[in-house]
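No value in this document is a laboratory result; all are computed from the given coordinates. If you're wondering where the values come from, they're calculated on a predicted model, not measured in any experiment. All Cβ positions, glycine included, derive from the backbone under ideal geometry; neighbour counts span all protein chains shown.
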Number of protein chains: 2
Amino acid sequence: MSETKSVEIINFGDELLVGIRDNAHLTYLGGELAKLGLSVQRARIITDEREEIVRAFHEAWSRSDLVITTGGLGPTSDDLTRETIAEALGAELVFDPTIEQSIRKRFAALGYEMADHHLSQCYRFKDGIVLKNARGTAPGLVHRQKGKLLVLLPGPTQELRPMFEHKVIPLLQAEGYLSSQPAYLQMRTCGLGESAVEERLQPLQNRQEDLQIAYCVHYGIVDVRFSSRSGHLSADSVEILAHQARELMEENFVCFGDCSLAEAVQRELRALDRTLGVAESCTGGLLSDAFTNIPGASKSFVGGIVCYTNDVKVAQLGVPESLLAQHGAVSAECAIAMASGVAERLSADYGLSITGFAGPGGGDQENPVGTIHIGYHSPVGIWSQTVRYTGGRLDVKTRAVNAALDWMRRNLRKYKVEEFLSCNAPD
Amino acid sequence: MSETKSVEIINFGDELLVGIRDNAHLTYLGGELAKLGLSVQRARIITDEREEIVRAFHEAWSRSDLVITTGGLGPTSDDLTRETIAEALGAELVFDPTIEQSIRKRFAALGYEMADHHLSQCYRFKDGIVLKNARGTAPGLVHRQKGKLLVLLPGPTQELRPMFEHKVIPLLQAEGYLSSQPAYLQMRTCGLGESAVEERLQPLQNRQEDLQIAYCVHYGIVDVRFSSRSGHLSADSVEILAHQARELMEENFVCFGDCSLAEAVQRELRALDRTLGVAESCTGGLLSDAFTNIPGASKSFVGGIVCYTNDVKVAQLGVPESLLAQHGAVSAECAIAMASGVAERLSADYGLSITGFAGPGGGDQENPVGTIHIGYHSPVGIWSQTVRYTGGRLDVKTRAVNAALDWMRRNLRKYKVEEFLSCNAPD
């Protein structure tokens with residue numbers, strides 16, 4: 001059913017066209033719909049001008065079964081979407097006193113009077129559906145015409161997302177837009193480049209041509225999505241194939257789904273009931289941040305030390321001054337001292353550290369810009385690893401954090417038995 | 001000249017439509033062009049299918065003076081853009097041996113042979129321009145037809161951006177697409193909501209209707225862009241008005257341009273020749289990260305401590321156990337102890353701290369989820385501040401970091417004279 005439905009998204013907003021803001025609405029809606037088996041075929045971003053709206057809307061409506069718009073429902077005179085689209089469709093808008101009531105209530109609760117310009121938000125399509133806005137004034141609007149569906153959503157993210165999740169998805173389900181099967185199965189890998197992953201999975205692809213394999217690379221992570229090219233492969237078959245793919249990926253497999261590398265590490269630590277502290281120089285807090293983005297991280301992540309100067313490395317992590325004098329702060333030796341130091345100082349079982357030159361300044365012949373040393377302190381051993389990246393400062397920081405997390409993940413899995421024994425030895 | 005030029009961007013790539021990746025190309029190109037006075041009027045994102053490409057391209061070409069495409073120039077059979085657009089234009093592609101040579105050279109330098117499928121990348125528009133790709137194989141292509149300009153750019157970010165900066169901008173300049181005046185002047189503010197900023201600037205708007213004022217809000221920051229609505233206001237007049245706007249914003253003014261709040265703090269610290277250490281609980285490294293995103297941050301930023309557990313707060317920051325028992329870790333008292341503790345432990349002149357409940361778990365009656373306490377330790381005094389946010393964990397973290405940075409910025413400016421005197425007193 002869902003394979004034949006054609007979906008288009010129209011985002012209104014100058015700020016998306018002049019570099020002020022990323023179009024996160026498209027990423028969110030496209031991602032959520034894809035999970036539900038509905039692929040967005042095309043999207044367009046236009047300014048909030050009458051002529052543009054009419055033209056874009058006609059083009060979209062003529063070739064799509066479902067059109068979702070975002071933005072343009074605010075109370076100001078700039079926000080013409082509702083009226084202009086109704087006009088383009090030849091559909092009638094009617095004033096809905098229940099919308100007015102709910103906006104008045106909202107303002108009253110905040111201690112304000114509702115201004116007159118909010119009355120423009122009280123119109124809905126005649127015979128259309130109103131999607132209540134739990135977090136703002138403008139309701140979402142739905143209109144059906146000739147078997148097609150139009151959904152207008154408000155622009156603010158915190159209004160759009162709950163409305164989409166709680167109102168639009170059930171509506172699409174009820175209208176038969178969504179299949180009951182998961183659309184694809186995602187495998188996350190780290191450690192191999194896209195073409196190397198593709199090469200590993202080639203035998204699988206050769207065996208089953210109906211298997212569609214799509215790749216996406218981000219900062220050292222390669223996500224692989226498995227689905228049925230023609231719709232003939234069942235979800236079970238896709239799952240079996242995905243598990244064969246997992247075998248082929250060996251230790252480069254991270255997870256099914258989209259858990260972060262920090263979550264993968266956190267899970268292993270939780271299983272061992274052990275704790276981690278981190279020490280960072282050039283990544284300046286980004287490694288800590290990756291852990292603290294996980295709700296409940298404090299069960300295994302105790303904290304971190306950002307040692308941006310040598311003094312802090314010495315005083316807070318116990319890195320010997322002589323080591324710094326001999327090897328420098330950007331060295332495998334310093335990375336190891338940082339990892340062991342942070343584990344000891346924060347009383348953690350594991351220590352993970354990063355030191356390097358993120359650029360644009362710094363670097364020398366031995367350690368050019370982009371050189372990153374990672375230190376790892378664990379109950380079964382202490383190691384360091386060196387990686388090198390090109391790219392800008394923020395890119396290098398993100399890659400360095402991913403490399404450190406992936407390396408720790410590998411070590412935790414590799415030494416699982418030893419770690420388990422060491423963890424359960426009497427302290 | 002540039003006001004009348006109409007620009008459209010076409011991004012090719014399924015991954016932009018199914019939630020795998022944000023459309024950073026549009027944000028980048030839109031932003032860079034806007035700085036140069038050329039506004040993108042519309043953009044569309046489509047899949048790499050022949051029929052889609054033809055339709056989208058015809059629609060775009062018929063109504064725009066400049067069309068820029070991204071992606072679809074790779075060597076695989078999926079990448080049809082070049083051929084399909086040439087067909088749609090009725091333009092001829094010719095094989096260019098100099099492109100082949102440069103691709104062969106690139107591969108040779110990496111120690112590889114060039115595969116045959118790369119030959120598809122060696123075609124250019126007859127009488128068209130080739131934009132050399134310094135970071136990859138596919139060159140950019142330019143085609144002129146009936147006074148219109150078509151620019152095809154490769155998809156990978158690290159190839160697209162230098163090519164745009166070094167090849168496309170000079171080309172647009174030469175072709176008269178860019179005006180010689182800056183397009184707008186941006187003022188960054190923090191501390192007031194969008195409507196409050198608008199209200200403050202109303203007198204200015206009333207005095208000069210030709211002044212166009214546009215707003216963009218992100219996590220507590222409100223950016224204001226001033227430009228000439230009709231083109232009649234000179235750049236000098238816009239600048240004078242922007243400086244009047246600055247006066248109206250009082251201490252909520254952060255900077256002209258787009259320096260980050262951390263940069264604003266860093267500048268003040270540099271002027272005083274003083275140092276800062278930070279301590280964070282719920283923001284888990286994001287505050288440190290904000291500073292270390294600034295090249296050369298180590299001149300004033302010494303480091304940070306992420307104290308995700310009470311033990312770390314006690315051991316690393318010297319927060320008294322009795323204080324934690326009495327007030328809890330999420331309290332103004334703890335924030336102050338953290339700020340003073342980190343300044344002392346890291347031997348920094350200033351300490352800035354954040355503790356709170358970022359959610360979704362945690363929180364109590366007194367400190368519900370979203371409650372953030374900020375501590376500030378300075379040579380002229382020690383204070384705390386409490387803020388509350390709604391939203392998801394990552395939103396709350398970002399807002400908390402911005403609130404802490406903005407508050408420090410204000411304090412540094414408010415006590416400038418005292419700080420200066422204190423800093424220059426004998427130690």
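Data table
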{"read-out": "DSSP-defined beta bridges in the protein assembly as shown - what % are antiparallel, rounded to 5", "value": "65 percent"}
{"read-out": "Amide H contacts under 5 Å for B:G155, placed H, 5+ residues apart", "value": "B:G71, B:G72, B:L73"}
{"read-out": "Within segment A:261-424, percent of DSSP bridges classed antiparallel, to nearest 5", "value": "60 percent"}
{"read-out": "Partners for A:K148 among lysines (Cα-Cα distance below 23 Å; same-chain residues under 8 apart left out)", "value": "A:K5, A:K35, A:K126, A:K132, A:K167"}
{"read-out": "Charge dipole (debye, nearest 20) of segment B:1-128; +1 at Cβ of Lys and Arg, -1 at Cβ of Asp and Glu", "value": "440 debye"}
{"read-out": "Cβ-placed point charges (K, R +1; D, E -1), dipole of chain A about Cα centre in debye, nearest 20", "value": "660 debye"}
{"read-out": "Ranked B:S322, A:S422, criterion: other C-beta atoms within 10 Å, fewest first", "value": "B:S322, A:S422"}
{"read-out": "Inter-copy separations for B:E251, label at 7 Å along Cα-Cβ, nm, ascending", "value": "5.6"}
{"read-out": "Qualifying lysines (Cα of each under 25 Å from Cα of B:K414; at least 8 residues distant if same chain)", "value": "B:K299"}
{"read-out": "For segment A:261-424, with +1 on Lys and Arg beta carbons and -1 on Asp and Glu, the positive-most of A:Q266, A:I374, A:V342 along the dipole", "value": "A:Q266"}
{"read-out": "Shielding by other protein chains, B:5-16, mean Cβ within 10 Å", "value": "3"}
{"read-out": "Peptides A:345-358, A:375-388 ordered by average Cβ neighbours within 10 Å, highest first", "value": "A:345-358, A:375-388"}
{"read-out": "Per-pair calculated FRET efficiency, R0 = 51 Å: B:R267 and B:L89 via Cβ, rounded to 0.05", "value": "0.50"}
{"read-out": "Rel. contact order, % - alpha carbon contacts under 8 angstrom, at least six apart, chain B", "value": "10 percent"}
{"read-out": "Base-10 log of normalised Debye intensity for segment B:95-201 (one unit scatterer per alpha-carbon) at q = 0.23 Å⁻¹", "value": "-1.26"}
{"read-out": "Segment B:41-89-segment A:314-389 distance, computed between alpha-carbon centres (Å)", "value": "48 Å"}
{"read-out": "Area projected by the alpha carbon convex hull of segment B:253-321, averaged over all directions, nm²", "value": "5.6 nm²"}
{"read-out": "Exam field: B:E321 pseudo-label spacings to other copies (7 Å along Cα-Cβ), nanometres", "value": "3.3"}
{"read-out": "Potential extension, B:D210-B:E175 segment - 0.36 nm per residue separation minus Cα distance", "value": "9.8 nm"}
{"read-out": "Phi-based couplings in Hz for segment B:147-159 (Karplus 6.51, -1.76, 1.60; Gly and Pro marked x)", "value": "x, 9, 10, 10, 10, 9, 10, x, x, x, 3, 6, 8"}
{"read-out": "Cα gyration tensor shape for segment A:10-76, rounded if a/c is under 1.5, else prolate or oblate", "value": "oblate"}
{"read-out": "Per-residue average of Cβ from other chains inside 10 Å of A:96-106", "value": "0"}
{"read-out": "DSSP-assigned coil residues among chymotrypsin sites (Phe, Trp or Tyr not before Pro) in segment A:1-104, each with at most 13 further Cβ atoms within 10 Å", "value": "none"}
{"read-out": "Pair A:S195, A:K126: separation of 7 Å Cα→Cβ label points (nm)", "value": "6.2 nm"}
{"read-out": "Segment B:200-211 - phi-based ³J(HN,Hα) in whole Hz, Karplus 6.51/-1.76/1.60, Gly and Pro as x", "value": "4, 8, 4, x, 5, 4, 5, 5, 9, 6, 6, 7"}
{"read-out": "Whole-Hz ³J(HN,Hα) from phi, Karplus 6.51 cos²θ - 1.76 cosθ + 1.60, for segment B:399-406, glycine and proline x", "value": "5, 5, 4, 4, 5, 5, 5, 5"}
{"read-out": "Rg/Rg_globular for segment B:29-161, with Rg_globular taken as 2.2 N^0.38 Å and Rg from C-alpha atoms", "value": "1.06"}
{"read-out": "Equivalent ellipsoid, segment B:261-424 (semi-axes from 5 times Cα gyration tensor eigenvalues, Å)", "value": "25, 17, 14"}
{"read-out": "Angle between chain A longest axis and helix A:97-109 axis [Cα atoms, degrees, rounded to 10]", "value": "40 degrees"}
{"read-out": "Trypsin sites (Lys or Arg not before Pro) within segment B:135-198: DSSP coil, no more than 11 neighbouring Cβ in 10 Å", "value": "B:K146"}
{"read-out": "Share of Cα-Cα pairs in chain A lying beyond 32 Å, as whole percent", "value": "53 percent"}
{"read-out": "Per-residue mean of C-beta atoms belonging to partner chains within 10 Å, peptide A:306-318", "value": "6"}
{"read-out": "For chain A, built as a Gaussian network whose Cα springs stay under 10 Å, the top-fluctuating residue of A:V342, A:V54, A:V330", "value": "A:V54"}
{"read-out": "Degrees separating the helix A:332-345 axis from the principal Cα axis of chain A, which is the longest one", "value": "80 degrees"}
{"read-out": "Chain B: calculated mean residue ellipticity at 222 nm from DSSP helix runs of at least 4, using -39500 (n - 2.57)", "value": "-12000 deg cm²/dmol"}
{"read-out": "Loop-resident sites, segment A:210-313, for trypsin sites (Lys or Arg not before Pro), counting at most 14 other Cβ within 10 Å (DSSP)", "value": "A:R229"}
{"read-out": "At 7 Å out from Cα toward Cβ: A:F107 inter-copy label distances (nm, ascending)", "value": "6.8"}
{"read-out": "Percent RCO, i.e. relative contact order, over segment A:185-256, from Cα pairs under 8 Å lying at least 6 residues apart", "value": "47 percent"}
{"read-out": "Antiparallel DSSP beta bridges within chain A, as percent of all bridges there, nearest 5", "value": "60 percent"}
{"read-out": "Nearest 10 degrees, 0 to 90: helix A:24-35 Cα axis against chain A principal axis", "value": "90 degrees"}
